[in-house]
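For reference, the structure is listed below as structure tokens.
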Amino acid sequence: MNLYDLRIEYDKAPFGLSVKNPRFSWKLKSGRTDTMQKNYRIVVTESDSGNTVWDSKLIESDASIHVEYAGDALLDETAYSVHVEACDNHDEKSEIEGGFVTGIFDPASFQARMITHDLSEDNKSCPVFYSSFATRKKVKRAVAYVTSYGVYEMSVNGKTAGDLRMAPGWTSYKNRLQYQIYDITELIDKRNFVEITVGNGWYKGILGFTLKPNNYGDRVAAFAEIHVFYEDGSCDKIFTDENWGVREGQILSSEIYMGESVDTTKADFAEGKVSVTEFDPKTLVAQENEPVRVTKRLKPVKIFTDPEGNKLVDFGQNLTGVVELNIKGKKGQKVTVKHAETLDKNGVFYPETLRKAVSIDSFVLNGERQVLSPKFTFHGFRYAKIEGIEDLTEDMFTALVIHSDMEEIGDFECSNKKVNQLYSNVTWSFRDNFLDVPTDCPQRDERLGWMGDAQVFCWTASEIRNTARFYSKWMKDIGAESSLEKGVPHVVPDILGSYSSSAWSDAAVIIPWAVYQTYGDTRILSDSWQCMHEWVDHIRNHCGDNGLWQTGFQYGDWLALDKEEMADRTGATDKYLIANAYYLYVTDIVRKTAKVLGHSDAEKSYSKLYEKTLEAFRSEYYTSTGRIVSETQTGAVISLFFGLAREKDRKRILDALVENIAAHKNHLVTGFVGTPYLCHVLSENGAHNLATVLFMREDYPSWLYAVNKGATTIWERWNSITPEGDFDVSGMNSLNHYAYGSIADWMFRKISGIEQLEPGYKRFRVKPMLVKGIYSFDRSFETMYGTIESHVSCKDRRIKVKVVVPVNTTAELTLPEQTETKVLGSGTYEFDYATDTDLTVERYSMESTLGEILQNQLAKDMFEQFAPGMLDNPMIGYAMGMTLTEMLVQAPEAKPMYEAVIAALNVQEKANNQGAAFDGDIRK
Ligand code: BGC
């Protein structure tokens, strides 16, 4: 047995750690099956002195994730070594070493001040704060703690510190301001010159669809403290104060929505005066989430001129980032880069989806070879329109993909290319919209932390990349901006001032729960507890005498297709049915959270509240015979998924859902609320085949429809681009919104069948489900315990399954087409068995129209045999364009007959294709 992958607060070797009780996690690898950890011991020592600050002693336990430090108080700016040893149930032992360096635990100990400038308001240039200092002795290490009001970049002796973008990120600045920690030892010399350039960013820049500037303040500012540690143990501190200088820089203007303008010939800089600005150091927090970085560089796939004469670069992928130019031009030559997600149906550059966020970067060149990209902005684009360069060549352009650099932990690949493209689109919309906060979209004049979008996608996101640190940071901002009185905002950080809509504000409860379930992280629950239960309390305080929440604004089933008045985007499902369904969902989570945290009184009172609300909900929204008041797809889906319907009514509600889908020619019409759970509900309730029909559809509205239209990200709307190739023109049409990408959660949990039974996947289920049109699929998922794998293929009449169960976990495996559930300890398991199932997509199905089917003599004969006279009915002409599914809505009793006809036609088709004669026996 070997220990591997020791993590400290999810990180491999944190630098600047400022968590007082860091948690340790490690993994075990073993050649033997059924391996569990029996005991462990952790020893933490101060690296320099070798003093032990914590010895956990031998603990008999299988705990191997999030084991909390419980030693002496950790000191500031100190290196610690971590030693973990463990023994498994086969008495095999192993050990692993790691370490971390602490930062500053109490921000009040910083001596730096927040400094600002007095450059004129009309001067849009990004100020550069500067200072110089000399070192006195041999330097051992130099560390910089830096943040700003605005977004900054720091350089020492002309070299950029770190590789971060858009630092310090976006938080609820009045309550919390993250600072970054840089090891700048390599940049330091005897004489040193420090510069901090600050752009408007989220602090002062234009934000929201009203294009409001100065959301947090009207002057950018900088805060930095450099600690130079000498070999002899002494330390110098250099920090921002009124003795620093400030001047204009080469960045003439910079806005997240509008883009950046840079003059690299500019050498004449107006000087300003530095002053210390009011600032509460208690708001300072060390960066908790992964920094924003350039994570990928894409070269053009095509350079061309569109029908309107625009010179365009196509990067082949809708992405979030900036274009980097590598160019040698003439001194004073101006190059402009404009951005768009797509071309229109005539192949012309189409920037309309950006709305008022014009996203234009420009550079005045200095005549030398230059590598240029904007520093303090980002755009959502696939195409760049270039002005100011005569001949465009590939080597001039690179798209820099920018987002929070979260670790990839999940993968999915299958035999179907279109499904793989869909999955790729999900992963791209995910990375494009996780830029320090989870945003709705990266391109238009929003890019806000919309809670509803985040909530519906959080499970999916957490199964693709490790989101624990990202969401833990965001939850603190949610907590800071929520209260019992006001409730929870619609966007966080809150710049809109609008509060409390179900499914949006509920993110405050659902996200910590998803993180806990996925990574076994209880700290996010305890940190978020107040916010979680106060949201439920807030709703309870707004309920009527009937115990239900039926007042105020609701987004409803946002963008659902089942409301005819298209101007209203809330869908047809009763908005308060949704509100109360979510009220129950989050109350249930809050009572479970109370249990996890050991708040037994709260557990009891929220359980009581849940039961009472459920009763009120049932009498308000279901008839005594099991009809839903709002009999929409989403109404049925949430009734079943959230477990709200009475047991006896579940079947009727499922039937209503199936009928509703059939009445839409087997299409979904759900919006943000119903879509994430639709296929889950079908697969879980005996209608998996229908889930697969919806999933594999290629016409509008469906997931693969967008793939066929060339999408490389998930669209905001089912019809962002219409079948005719036109765009939705309602003024809200992004091609990069991740909400409908939540289908990947169904791919992981139902197709691959991997679902957690205990938090962190300590115990999990593997129950793969087959899909017509997908012969094989491979899923791997790096949990906190190790990699779970599920590989399934079904072809040539054999099903083959390979499952990998990590050490220290247990799986419950149910193989496709088998009923028995095997309980498996760690190991690799392979199965190979016979089946009659053929996953080939057949030519005829319940989706075929009557007309198509009747072109076949065999079908005519069979109808005549099973339903004599049916085809002579004069009304039959009207049904020729209907699918068999649609016809079933009128006459459900015909199902066995249709199925028999289809089966026979497919047998005949196959025989014809194989050149063999069909013997006409339809019962075979
Ligand atoms: C956003 C959405 C968001 C919504 C609120 C839109 O403008 O882009 O995704 O959730 O507003 O309904």
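The numbers here are math on the coordinates, done by the rules we state, and not lab data. Keep in mind it's a predicted model, so treat the numbers as computed, not measured. Positions of Cβ are backbone-derived with ideal geometry, glycine not excepted, and every protein chain shown enters the neighbour counts.
Order 535-542, 449-456 from most to least packed using the mean count of other Cβ atoms within 10 Å.
Values: 535-542: 19.4, 449-456: 26.0.
Top to bottom by mean Cβ count within 10 Å: 449-456, 535-542.
So how compact is segment 9-126: Cα radius of gyration and Dmax in angstrom?
20.6, 73
Over segment 367-491, calculate the relative contact order: mean separation of alpha carbon pairs under 8 Å at least 6 apart, over the residue count, as a percent.
On the way: 90 pairs, mean separation 30.0, N = 125.
It comes to 24 percent, rounded to a whole number.
May I ask you to evaluate 6.51 cos²θ - 1.76 cosθ + 1.60, the Karplus curve with θ = phi - 60°, for each residue of segment 707-718 and list the ³J(HN,Hα) values in order in whole Hz, giving x for glycine and proline?
4, 5, 7, x, 4, 10, 9, 7, 7, 5, 10, 4
Which one of Val371, Ala384, Ala357 has its Cα pushed farthest toward the positive end of the charge dipole of segment 353-400, where Lys and Arg give +1 and Asp and Glu give -1 at the Cβ?
Farthest towards the positive end: Ala357.
Check which residues have an amide H placed less than 5 Å from Val53's amide H, if you skip close sequence neighbours.
Excluding prolines and chain starts, which carry no amide H, the hits are Val44, Thr45, Glu46.
What number comes out for the charge environment of Ser56, summing +1 per Lys or Arg and -1 per Asp or Glu over other residues with Cβ under 14 Å away?
Working: positive: Arg23, Arg41, Lys57; negative: Asp55, Glu60, Glu68, Asp72, Glu85, Glu95.
So the environment of Ser56 carries a net charge of -3.
Taking 8 Å as the Cα distance limit and 6 or more residues as the minimum spacing, I'd like the relative contact order of the chain as a percentage. Please list the in-between numbers first.
Working: 2172 pairs, mean separation 85.0, N = 924.
Computed over the chain, the figure is 9 percent.
At q = 0.05, 0.10 Å⁻¹, what is the base-10 log of I(q)/I(0) for the chain according to the Debye formula with one equal point scatterer per Cα and no solvent? Please give it to two decimals.
For the chain, the Cα-only Debye profile gives -0.33, -1.26.
In units of 2.2 N^0.38 Å, what is the alpha-carbon radius of gyration of segment 806-895? Don't skip to the end; give the middle numbers.
Working: Rg = 22.3 Å, N = 90, 2.2 N^0.38 = 12.2 Å.
Rounded to two decimals, the normalised Rg is 1.83.
Mind checking segment 216-267 for GluC sites (Glu not before Pro) that DSSP puts in a loop (not H, G, I, E or B) and that have at most 13 other Cβ atoms within 10 Å? Before the final figure, lay out each step's value.
Numbers: sites: Glu225, Glu231, Glu242, Glu248, Glu255, Glu260; in loops: Glu231, Glu242, Glu248.
Those satisfying the criteria are Glu231, Glu242.
Can you order the peptides 770-779, 119-128 by their average number of other Cβ atoms within 10 Å per residue, highest first?
Numbers: 770-779: 20.0, 119-128: 17.1.
Going by the mean number of other Cβ atoms within 10 Å, highest first, we get 770-779, 119-128.
Dividing the Cα radius of gyration by the Kirkwood radius, what Rg/Rh value follows for segment 136-237?
Numbers: Rg = 15.8 Å, Rh = 14.7 Å.
On the Cα set of segment 136-237, Rg over Rh gives 1.07.
Rounded to whole Å and sorted largest first, what semi-axes of the equivalent ellipsoid does the C-alpha gyration tensor of segment 444-524 yield via the square root of 5 times each eigenvalue?
Details: eigenvalues 86, 40, 22 Å².
Working from the Cα gyration tensor, I get semi-axes of 21, 14, 11 Å.
Among Val823, Val43, Val228, which comes first, then next, by fewest other beta-carbon atoms within 10 Å? Show your work: numbers first, answer last.
Working: Val823 9, Val43 18, Val228 24.
Ordered by Cβ neighbours within 10 Å, fewest first: Val823, Val43, Val228.
Just to check I understand the Karplus step: with θ = phi - 60° and J = 6.51 cos²θ - 1.76 cosθ + 1.60, what whole-Hz values come out for segment 896-902, glycine and proline as x?
x, 5, 4, 4, 5, 5, 4
Work out how far the C-alpha atoms of segment 305-374 reach from end to end along every principal axis, then list the three figures in whole Å, largest first.
In descending order, the Cα extents are 39, 24, 23 Å.
Could you tell me the calculated FRET efficiency between Asn541 and Asp796, based on Cβ-Cβ distance and R0 = 51 angstrom, to the nearest 0.05?
Details: r = 62 Å, r/R0 = 1.21.
For Asn541 and Asp796, the calculated efficiency is 0.25.
Could you work out the mean projected area of the convex hull around the alpha carbons of segment 490-589, in square nanometres to one decimal? Show your work: numbers first, answer last.
Working: hull surface 30.2 nm².
Across all orientations, segment 490-589 yields a mean hull projection of 7.5 nm².
Are there chymotrypsin sites (Phe, Trp or Tyr not before Pro) in segment 130-231 that DSSP marks as loop and that have at most 16 other Cβ atoms within 10 Å, and which are they? Mind showing how you got there, number by number?
Working: sites: Tyr130, Phe133, Tyr145, Tyr149, Tyr152, Trp170, Tyr173, Tyr179, Tyr182, Phe193, Trp202, Tyr203, Phe209, Tyr216, Phe223, Phe229, Tyr230; in loops: Trp170, Tyr173, Phe209, Tyr216.
When the chymotrypsin sites (Phe, Trp or Tyr not before Pro) of segment 130-231 are filtered for loop state and at most 16 Cβ neighbours within 10 Å, Phe209 remain.
Could you rank the peptides 812-818, 275-281 by their average count of other C-beta atoms within 10 Å per residue, with the highest value first? Display every interim value, and only then the final one.
Details: 812-818: 16.9, 275-281: 14.3.
So the order, starting with the most tightly packed, is 812-818, 275-281.
Apply the a/c threshold of 1.5 to the C-alpha gyration tensor of segment 730-870 and tell me whether it is rounded, prolate or oblate. Could you put the intermediate results ahead of the total?
On the way: a/c = 3.23, a/b = 1.63, b/c = 1.99.
Taking the square roots of the gyration eigenvalues as a ≥ b ≥ c, segment 730-870 is oblate.
In whole Å, what are the Cα extents of segment 439-485 along the three principal axes, biggest one first?
Sorted from largest, the Cα extents of segment 439-485 read 34, 28, 16 Å.
Do the alpha carbons of any pairs in Lys417/Lys795; Lys750/Lys800; Lys273/Lys334; Lys124/Lys338; Lys159/Lys476; Lys299/Lys334 sit beyond 24 Å of each other, and which pairs?
Working: Lys417/Lys795 17 Å; Lys750/Lys800 17 Å; Lys273/Lys334 31 Å; Lys124/Lys338 20 Å; Lys159/Lys476 33 Å; Lys299/Lys334 22 Å.
In this structure, Lys273/Lys334; Lys159/Lys476 lie more than 24 Å apart at Cα.
Looking at segment 60-110, what % of the alpha carbon pairs are farther apart than 14 Å?
On the way: 856 of 1275 pairs.
Everything past 14 Å amounts to 67 percent.
Normalise the Cα radius of gyration of segment 793-858 by 2.2 N^0.38 Å (N = residues in it) and let me know the number.
Details: Rg = 18.9 Å, N = 66, 2.2 N^0.38 = 10.8 Å.
Taking the Cα Rg and dividing by 2.2 N^0.38 Å, one obtains 1.75.
Can you run the Rg to Rh ratio on segment 315-442? Use alpha carbon positions and the Kirkwood inverse-distance Rh. Please list the in-between numbers first.
On the way: Rg = 16.5 Å, Rh = 16.2 Å.
Ratio value, two decimals: 1.01.
As a footprinting exposure proxy, order Val335, Val491, Val907, Val371 by other Cβ within 10 Å, with the fewest listed first.
Numbers: Val335 20, Val491 24, Val907 17, Val371 9.
With the fewest neighbours first, Val335, Val491, Val907, Val371 line up as Val371, Val907, Val335, Val491.
Please say if segment 256-342 is rounded, prolate or oblate, where rounded means a/c under 1.5 for a ≥ b ≥ c the square roots of the C-alpha gyration tensor eigenvalues, and otherwise the choice is prolate for a/b larger than b/c and oblate otherwise?
Values: a/c = 2.86, a/b = 1.48, b/c = 1.93.
Oblate, since a/c reaches 1.5 and b/c is not below a/b.
Near the amide H of Thr809, under 5 Å away, which other amide H atoms are found, from residues 5 or more places off or on another chain, if H is placed in the peptide plane?
Placed amide hydrogens put Ser826 under 5 Å from Thr809.
How much length would be gained if the chain were fully extended between Arg136 and Asp832, taking 0.36 nm per residue of separation minus their Cα-Cα distance, in nm to one decimal? List each step's numbers first, then the result.
Numbers: separation 696, 0.36 × 696 = 250.56 nm, distance 7.12 nm.
Fully extending the segment from Arg136 to Asp832 adds 243.4 nm.
As an exercise, find the ratio Rg/Rh for segment 716-789 from alpha-carbon atoms, using the Kirkwood inverse-distance average for Rh.
Details: Rg = 17.4 Å, Rh = 15.0 Å.
Taking Rg over the Kirkwood Rh, I get 1.16.
For segment 1-63, taking Cα atoms only, what is the radius of gyration to one decimal and the Dmax to the nearest whole Å?
13.7, 41
List the trypsin sites (Lys or Arg not before Pro) within segment 208-277 that fall in a DSSP loop (any state other than H, G, I, E or B) and whose Cβ has at most 16 other Cβ atoms within 10 Å. Write out the running numbers ahead of the final one.
Details: sites: Arg219, Lys237, Arg247, Lys266, Lys273; in loops: Arg219, Lys266, Lys273.
Qualifying residues, ordered by number: Lys266, Lys273.
Given just the C-alpha atoms of segment 181-271, how large is their convex hull per residue in cubic angstrom? Intermediate values should be presented prior to the final figure.
Values: hull volume 13.9 nm³, N = 91.
Dividing the Cα hull volume of segment 181-271 by its residues yields 153 Å³.
Return the FRET efficiency for the residue pair Lys20, Glu758: r is the Cβ-Cβ distance, R0 is 22 Å, and the value is rounded to the nearest 0.05.
Details: r = 28 Å, r/R0 = 1.26.
It comes out at approximately 0.20.
Semi-axes of the equivalent ellipsoid of segment 370-432: what are they in whole Å, largest first, if each equals the square root of 5 times a C-alpha gyration tensor eigenvalue? Don't skip to the end; give the middle numbers.
Working: eigenvalues 181, 56, 20 Å².
After scaling each eigenvalue by five and taking roots: 30, 17, 10 Å.
Between Lys418 and Glu864, what is 0.36 nm times their sequence separation minus the Cα-Cα distance? Round to one decimal in nm.
Details: separation 446, 0.36 × 446 = 160.56 nm, distance 3.93 nm.
Taking Lys418 through Glu864 to full extension adds about 156.6 nm, to one decimal.
Which Cα, out of Ala656, Val596, Phe641, lies furthest along the positive dipole direction of segment 534-663 (beta carbon charges, K/R +1, D/E -1)?
Most positive-ward Cα: Val596.
If Lys and Arg each add +1 and Asp and Glu each add -1, what is the summed charge of the other residues whose beta carbon sits under 13 Å from the beta carbon of Thr135?
Numbers: positive: Arg136, Lys137, Lys138, Lys140, Arg141, Lys190, Arg191, Lys237; negative: Asp189, Glu231, Asp232, Asp236.
Every neighbour counted, the sum reads +4.
How much length is gained if the chain between Ser776 and Val823 is pulled fully straight, taking 0.36 nm per residue apart and subtracting their Cα-Cα distance, in nm to one decimal? All intermediate terms of the calculation are to be shown ahead of the outcome.
Numbers: separation 47, 0.36 × 47 = 16.92 nm, distance 2.36 nm.
Working it through step by step, the gained length comes to 14.6 nm.
Once the Cα atoms of segment 42-188 are picked out, what are the Rg and Dmax in Å?
That works out to 21.1, 73 Å for Rg and Dmax.
Tell me, what HN-Hα J-couplings in whole Hz come from the Karplus equation 6.51 cos²θ - 1.76 cosθ + 1.60 at θ = phi - 60° for each residue of segment 530-538, using x for Gly and Pro?
4, 5, 4, 6, 5, 5, 5, 4, 4
Out of all DSSP beta bridges in the chain, what portion is antiparallel? Express it as a percent rounded to 5.
Of the beta bridges lying entirely in the chain, close to 95 percent run antiparallel.
Of Val292, Ala894, Ser624, whose Cα points farthest to the positive end of the dipole of the chain (charges on the beta-carbon: +1 Lys, Arg; -1 Asp, Glu; origin at the Cα centre)?
Val292
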